[in-house]
Amino acid sequence: MAYVQSAPPIPVPLHLRDTHYASAKALHGYGGYVFPHDDARGWVEQEYAPRVSPGQFYQSDSRGPNTFEGRADQFWAEVTGREQSRHAKKD
């Protein structure tokens, strides 16, 4: 909550803004959203939250192989070829 109260608002990336109405293009154009479900991997590289690093607000400590998070980490590594970034625990 402190971040929300003290930091400036984070703008919604152009590709995530609503474009279904006629004047949308004139207001902010089309940002080029890529639908992840159209990709064979079910995942695409695109920015969702500018200036927010992965895990900055929440990261589960439950990363075992039989947890949802553990399976998601494994899927991420298989799809992207890189490990999921982790942040050090805060005391």
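Mind checking which pairs have a first residue in the stretch 24-43 that is surrounded by fewer than 10 Cβ atoms within 10 Å (Cβ to Cβ) and a second that is at pLDDT 80 or above and in a loop (DSSP other than H, G, I, E, B), Cβ under 9 Å, 6 or more apart or different chains?
From residues that are surrounded by fewer than 10 Cβ atoms within 10 Å (Cβ to Cβ), the pairs are Gly32/Gln46; Phe35/Val44; Asp38/Val44.
What are the residues in the stretch 55-68 that are under 29 Å from Pro9 (Cβ atoms) and either of a type in the set (Asp, Glu) or surrounded by fewer than 13 Cβ atoms within 10 Å (Cβ to Cβ) (or both), if any?
Gln56, Phe57, Tyr58, Ser60 - these are the residues of the stretch 55-68 that are under 29 Å from Pro9 (Cβ atoms) and either of a type in the set (Asp, Glu) or surrounded by fewer than 13 Cβ atoms within 10 Å (Cβ to Cβ) (or both).
For the stretch 39-82, which positions are in contact with a Ser or Thr (Cβ under 7 Å, 6 or more places away or on another chain) and part of a helix (DSSP H, G or I)?
Scanning the stretch 39-82 gives a single hit, Glu69.
How many residues does the stretch 46-61 contain that are within 13 Å of the chain's Cα centre (by Cα) and either free of Cβ contacts under 8 Å to residues at least 12 places away in the same chain or farther than 30 Å from Gln5 by Cα (or both)?
Residues flagged as within 13 Å of the chain's Cα centre (by Cα) and either free of Cβ contacts under 8 Å to residues at least 12 places away in the same chain or farther than 30 Å from Gln5 by Cα (or both) within the stretch 46-61 amount to 1.
What is the one condition in (1) under 30 Å from Arg82 (Cα atoms); (2) loosely packed, with under 10 Cβ neighbours inside 10 Å that Tyr3 does not satisfy?
(2)
The values are calculated or read from the model by the stated rules, or taken from the named source; none is laboratory data. Note that this is a predicted model, so its numbers are computed, not measured. Reconstructed Cβ throughout: ideal geometry from the backbone, glycine too, with neighbour counts over all protein chains shown.
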